[in-house]
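Undergrad: Pasting a structure below so you can have a look.
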Amino acid sequence: MPVAQRRLLILDDDPGVGQTIELVARTAGLETRFTSSPGQFFEWLDQWQPDHIAIDLVMPDMDGVEVLARLAQRSCRARIIVTSGVDGRVLDAAGRSASERGLDIVGVLPKPFMPSTLRRMFAPDVPSSGSPGGVALAASAGAVPHASPGVAKRFLVTPADIREGLAHDQFYAQYQPKISCTDGTLVGFEALMRWNHPVHGLVPPDLFIGCAENSGLIDTLTQKMFDLSFAWFGRHFGQSSIRLSINISARSHLDDGFIDNISQRCSQCGLAPGQLIFELTETSAMEDPVASLDLLTRMRMKGMHLSIDDLGTGFSSLLQLVRLPFSELKVDKSFVITAASSTESRQVVQAIVGLGRSLGIQSTAEGVEDAETLRFLRDIGCNFAQGFHIARPLAAEAAAQWSGGVPA
Ligand code: G
Ligand code: G
Ligand code: MN
């Protein structure tokens, strides 16, 4: 019976609650383990490999949000139930944040809870793979808000898969146009990595960038992105005022060789270093502030541009924005997507754009999904815009032919 092999690991500071969850889960046919120690929890997570997890959000030693962040860091694929006595909005926010980090949140359970509510979360409509710790490729029954159809959401990527994909040329780039907010003209493209897997279909970057970072393959992927995008860009937009943005992971190994390599590629592909924008989030500046400051400064001296990505998410801090030689900031899409409907979001966007202006840094809003937001951005003096309202990420040929035509 494959169902009997499903394993639930519970982390809760209240043994009473833990026992109740265990009881319900066992009735539903799951094996269970309970602990109130985060240390023990992570030990069992590795050794016992549960495919279900229940976590209390508020505990004395460690908060649940932190545990969720650590689970996301480890690319945990278990189905997660978040429990807590805190109010519904807080619980929802925690669930949302965990989903956005790529965790599979099956549900949030306010305490006290009805056993029937919990039982539904263990509904065996999820075909367990039967292998310990493996629910890869199981259909998602959870309310993961960002699941998009036709996309491999549950492919547990391994380094070997990435190597295989590289060897068989399964990676390619899409390009999302970026326009001027004032007149709607094309100013550049952001290159976004895509993986066309023979079995899992289109694998989104969120499923493989983390694995690449943890396995030392990120630099190889970055070089692959350079191969793909510089040739395309040089051919269509070389020596023009159009720019190409590339995402650089915080875990990248940036050194002098990195800069030389880019300079060389620029001359080979017929593009000027000044046409390149490197988008960084939490930079290695955190680990070695002096070295990275030097390196980023040298990149700027070569004419390359640096952009701080996802500003406002906590991955990118204001401190870095001020201290490092960025020439662009990108307002995180979470604020931009909601700008039309939320006063708070508009205020955040306006504040970030204003901060950029006062520092002499150009701003790009990403996640522009409607005309109203584009008008708002123009009114507050945001320089550039990117988003589904303007264009989705496009295949190479379609991007090269994209001519704008978005009403300013
Ligand atoms: O379309 P979108 O799903 O492409 O991208 C999701 C995330 O993956 C974004 O945060 C984006 O920055 C990141 N990403 C996309 N392509 C690359 C890439 O080539 N390198 C790195 N490091 N991140 C990328
Ligand atoms: O983290 P980064 O800023 O590099 O993320 C770029 C991501 O944003 C890509 O996944 C891209 O597909 C996505 N994206 C671009 N425009 C929009 C948009 O208008 N709405 C949403 N929801 N996502 C967008
Ligand atoms: Mn980006």
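The values are calculated or read from the model by the stated rules, or taken from the named source; none is laboratory data. Note that this is a predicted model, so its numbers are computed, not measured. Here the Cβ is made from the backbone with ideal geometry for all residues, glycine too, and neighbour counts use every protein chain on show.
Undergrad: For the range 336-357, indicate whether the set of residues that are within 16 Å of ligand 3 (Cβ to nearest atom), surrounded by fewer than 19 Cβ atoms within 10 Å (Cβ to Cβ) and under 17 Å from Glu190 (Cβ atoms) is non-empty.
TA: No; the residues of the range 336-357 include none that is within 16 Å of ligand 3 (Cβ to nearest atom), surrounded by fewer than 19 Cβ atoms within 10 Å (Cβ to Cβ) and under 17 Å from Glu190 (Cβ atoms).
Undergrad: Does Gln49 satisfy the criteria of being surrounded by fewer than 17 Cβ atoms within 10 Å (Cβ to Cβ), within 19 Å of Arg154 (Cα to Cα), polar (S, T, N, Q) and out of contact with any Asp or Glu (no Cβ under 7 Å at 6 or more places or on another chain)? So that I can check it myself, show each step before the final result.
TA: Numbers: surrounded by fewer than 17 Cβ atoms within 10 Å (Cβ to Cβ): yes; within 19 Å of Arg154 (Cα to Cα): yes; polar (S, T, N, Q): yes; out of contact with any Asp or Glu (no Cβ under 7 Å at 6 or more places or on another chain): yes.
Against the criterion (surrounded by fewer than 17 Cβ atoms within 10 Å (Cβ to Cβ), within 19 Å of Arg154 (Cα to Cα), polar (S, T, N, Q) and out of contact with any Asp or Glu (no Cβ under 7 Å at 6 or more places or on another chain)), Gln49 qualifies.
Undergrad: Still on this structure, please answer the following. Taking the range 386-404 as the region of interest, how many residues are among the polar types (S, T, N, Q) and crowded, with 18+ Cβ neighbours inside 10 Å? Explain how you work it out, then say what you get.
TA: Of the range 386-404, the ones among the polar types (S, T, N, Q) are 386, 401, 403.
Then drop every residue that is not crowded, with 18+ Cβ neighbours inside 10 Å, which leaves 386.
Within the range 386-404, residues that are among the polar types (S, T, N, Q) and crowded, with 18+ Cβ neighbours inside 10 Å number 1.
Undergrad: Here are Ile209, Ile259: which of them is among the β-branched types (Val, Ile, Thr) and more than 8 Å from ligand 1 (Cβ to nearest atom)?
TA: On the way: Ile209 fails: more than 8 Å from ligand 1 (Cβ to nearest atom).
Of Ile209, Ile259, the one residue that is among the β-branched types (Val, Ile, Thr) and more than 8 Å from ligand 1 (Cβ to nearest atom) is Ile259.
Undergrad: When you look at Gly130, is it farther than 24 Å from Val82 by Cβ, in contact with a helix residue (DSSP H, G or I) (Cβ under 7 Å, 6 or more places away or on another chain) and at pLDDT below 55, yes or no?
TA: Working: farther than 24 Å from Val82 by Cβ: yes; in contact with a helix residue (DSSP H, G or I) (Cβ under 7 Å, 6 or more places away or on another chain): yes; at pLDDT below 55: yes.
Yes, satisfied.
Undergrad: Can you list the helices (runs of 4 or more DSSP H) lying wholly within the range 320-399 that have 1 or more residues being of a type in the set (A, V, I, L, M, F, W, C) and out of contact with any Ser or Thr (no Cβ under 9 Å at 6 or more places or on another chain)? Write out each step before concluding.
TA: On the way: elements: 333-337, 343-359, 371-379.
Of the helices (runs of 4 or more DSSP H) lying wholly inside the range 320-399, those with at least 1 residues that are of a type in the set (A, V, I, L, M, F, W, C) and out of contact with any Ser or Thr (no Cβ under 9 Å at 6 or more places or on another chain) span 343-359, 371-379.
Undergrad: Of these, Val157, Val199, which one is over 28 Å from Trp402 (Cα atoms) and within 14 Å of ligand 1 (Cβ to nearest atom)?
TA: Values: Val199 fails: within 14 Å of ligand 1 (Cβ to nearest atom).
The conditions single out Val157.
Undergrad: Within the bounds of the range 48-63, is there any residue that is in contact (Cβ under 8 Å) with a residue 60 or more places away in the chain, under 30 Å from Asp332 (Cα atoms) and within 25 Å of the chain's Cα centre (by Cα)?
TA: No; the residues of the range 48-63 include none that is in contact (Cβ under 8 Å) with a residue 60 or more places away in the chain, under 30 Å from Asp332 (Cα atoms) and within 25 Å of the chain's Cα centre (by Cα).
Undergrad: In the range 331-377, what residues are within 12 Å of ligand 2 (Cβ to nearest atom) and charged (D, E, K, R)?
TA: Asp332, Lys333, Glu366, Glu369, Asp370
Undergrad: Residue check, Asn261 against (1) within 16 Å of ligand 3 (Cβ to nearest atom); (2) part of a helix (DSSP H, G or I), all met but one. Which one?
TA: (1)
Undergrad: Does Leu221 qualify as being over 19 Å from Ser307 (Cα atoms) and either assigned to a helix (DSSP H, G or I) or more than 16 Å from ligand 3 (Cβ to nearest atom) (or both)? Reasoning before the result, please.
TA: Working: over 19 Å from Ser307 (Cα atoms): yes; either assigned to a helix (DSSP H, G or I) or more than 16 Å from ligand 3 (Cβ to nearest atom) (or both): yes.
Yes; evaluated as a whole, the condition is true for this residue.
Undergrad: Do you know which of the residues in the range 185-234 that are within 16 Å of ligand 2 (Cβ to nearest atom) and under 29 Å from Asp379 (Cβ atoms) is surrounded by the fewest Cβ atoms within 10 Å (Cβ to Cβ)?
TA: Here the answer is Leu192.
Undergrad: Of the conditions (1) farther than 18 Å from Ile277 by Cα; (2) surrounded by fewer than 14 Cβ atoms within 10 Å (Cβ to Cβ), Glu369 clears all except one; give me its number.
TA: The one condition Glu369 does not meet is (2).
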